[in-house]
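Accompanying notes for the structure given below.
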Amino acid sequence: MASLGAMFGGGDGETFLGLPRCRDLSRVQAGAVLIGADGCTPYPSVGFYCAGGPRAIRAAGAAYAANLGHMNFDLGGPVFPGRVTAVDAGDLPQDEADPVGNRARIFGAVSLILDRGAVPVLIGGDDSLPIPMLEAYGARGKTFTILQIDAHIDWRDEVGGERLGLSSTMRRASEMGHIERIVQVGSRGTGSARVSDVQDALDWGVSFVPAGEVARSGVGRAVDLIPAGAEVIICLDVDALDPSVMPAVIGRTAGGLSYWQVLELIAGVSEKARIAGVDMVEFMPSRDVDGLGAGLAAQLLAAVLGVLARQG
């Protein structure tokens, strides 16, 4: 099948955008490190339902692997305005039957990346991935703001007795002493949250900017809620995006954010604060439609890497 990638020399997708491969995280010399994981702490009813997500996103980015120096109009210049400042460390060897080991591998990998002064960019994989990622920031001697971009608020205390699953991510984050602020953008429709979960989040101090408000008024208030100079960890669940452009999710819900709203939000935050980490999760390859979702995820991930390359 003809494609732009074939026309302009796309790569094979071994690494995202053809980035240099990192084989030893303890020796990283880069501004950002991409790492993938198929899952972390699965619910028995669904298992690793997002398995293959990192691979699909890398494959979608292969079309641009030979063109990193070309103009990216989303950024106003190439993805990397100077030398390439990111590397791809591949996927962690996650095992559906080993959630304890899965969490340890994510925690260990993110810790090594932070030790080297780089920004971790974790792609996956279900929304339980961020819990050990966020825990790894606890030894940094700093406090952090979480910007969650998601259709769901993830404040369940447990689901079926599991307290470290995808519906509990923000509640577990709120219990971490190094997390001082949580701003949650994009909530809409009906998810697993109960009214009491929303109240618990409000009582803790969460600021909510629902998707309906973004549709009416834009992302300005969300950006304003991030303090100047804050250290920000962005937790992006791709179901925050509208299913018309991101069908590759388990819970398609109308009224989601657009590509531009998400990118404007992230870029706006980077202009007033420092992005200290990013996760992009909940990409479900089996639900994609003609590669539409993977293409969007790859385009957005490339733009985020470009934003990281420009901060500071």
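Just so it is clear, none of the values below were taken in a lab; they were calculated from the coordinates. Predicted model, so just to flag it, every value in this text is computed and none were measured. Glycine also receives a Cβ, built like all others from the backbone with ideal geometry; neighbour counts cover every protein chain displayed.
What translational diffusion coefficient, in µm²/s and rounded to a whole number, does the Stokes-Einstein relation yield for segment 84-131 at 4 °C and a viscosity of 1.567 mPa s, taking the hydrodynamic radius as the Kirkwood radius over Cα pairs?
Numbers: Rh = 11.7 Å.
Result for D is 111 µm²/s.
Sorting ASP88, ASP154 on the 10 Å Cβ count, fewest up front, what's the list?
Working: ASP88 25, ASP154 28.
Fewest-to-most Cβ neighbours within 10 Å comes out as ASP88, ASP154.
Just the Cα atoms of segment 123-185: what Rg and Dmax do they give in Å?
Reported Rg and Dmax, both Å: 11.3, 34.
Placing unit charges on C-beta atoms (Lys and Arg positive, Asp and Glu negative, everything else neutral), compute the dipole magnitude of segment 15-152 about its Cα centre in debye, rounded to 20.
580 debye
Using only Cα atoms, what is the ratio of the radius of gyration of segment 155-312 to 2.2 N^0.38 Å? Show your work: numbers first, answer last.
Working: Rg = 15.5 Å, N = 158, 2.2 N^0.38 = 15.1 Å.
Computed over Cα atoms of segment 155-312, the ratio equals 1.03.
Quick one: grab the alpha carbon gyration tensor of segment 146-248, order the square roots of its eigenvalues as a ≥ b ≥ c, and give me rounded if a/c is under 1.5, else prolate or oblate depending on whether a/b is larger than b/c. Mind dumping the intermediate values first?
Details: a/c = 1.63, a/b = 1.10, b/c = 1.48.
Since a/c reaches 1.5 but b/c is at least a/b, the shape of segment 146-248 is classed as oblate.
Just need log10 I(q)/I(0) for segment 45-120 at q = 0.16, 0.18, 0.22, 0.27 Å⁻¹, Debye formula, equal scatterers on the alpha-carbon atoms, no solvent, rounded to two decimals.
The calculated log intensity ratios at q = 0.16, 0.18, 0.22, 0.27 Å⁻¹ are -0.83, -0.96, -1.12, -1.27.
Given Cα pairs under 8 Å that are at least 6 residues apart, what percent is the relative contact order of segment 4-310?
Values: 696 pairs, mean separation 66.7, N = 307.
Relative contact order of segment 4-310: 22 percent.
Can you pull the one-decimal nm distance between simple spin-label points at GLN311 and ASP24, each 7 Å off the Cα toward Cβ?
2.8 nm
Under a no-solvent Debye model with one identical scatterer per Cα of segment 239-297, what's log10 I(q)/I(0) at q = 0.14, 0.27 Å⁻¹?
-0.42, -1.09
May I ask for the Rg/Rh ratio of segment 4-310, computed from Cα atoms with Rh as the Kirkwood radius, given to two decimals? Spell out each step's value before the answer.
On the way: Rg = 17.7 Å, Rh = 19.0 Å.
That ratio equals 0.93.
When the distances between all Cα atoms of segment 181-221 are binned every 10 Å from zero, what whole-number percent does each bin get?
Going out from 0 Å in 10 Å bins, segment 181-221 shows 28, 53, 20 percent.
How big is the dipole moment of the chain about its Cα centre under a simple scheme where the beta carbon of each Lys and Arg is +1, that of each Asp and Glu is -1, and everything else is neutral? Debye, nearest 20, please. It would help to have the intermediate numbers written out before the result.
Numbers: 25 positive and 36 negative charges, 159 e Å.
Approximately 760 debye in magnitude.
What list do you get for TRP204, TRP155 if you sort them by fewest beta carbons within 10 Å? Working shown, then result.
On the way: TRP204 15, TRP155 27.
Lowest to highest Cβ neighbour count: TRP204, TRP155.
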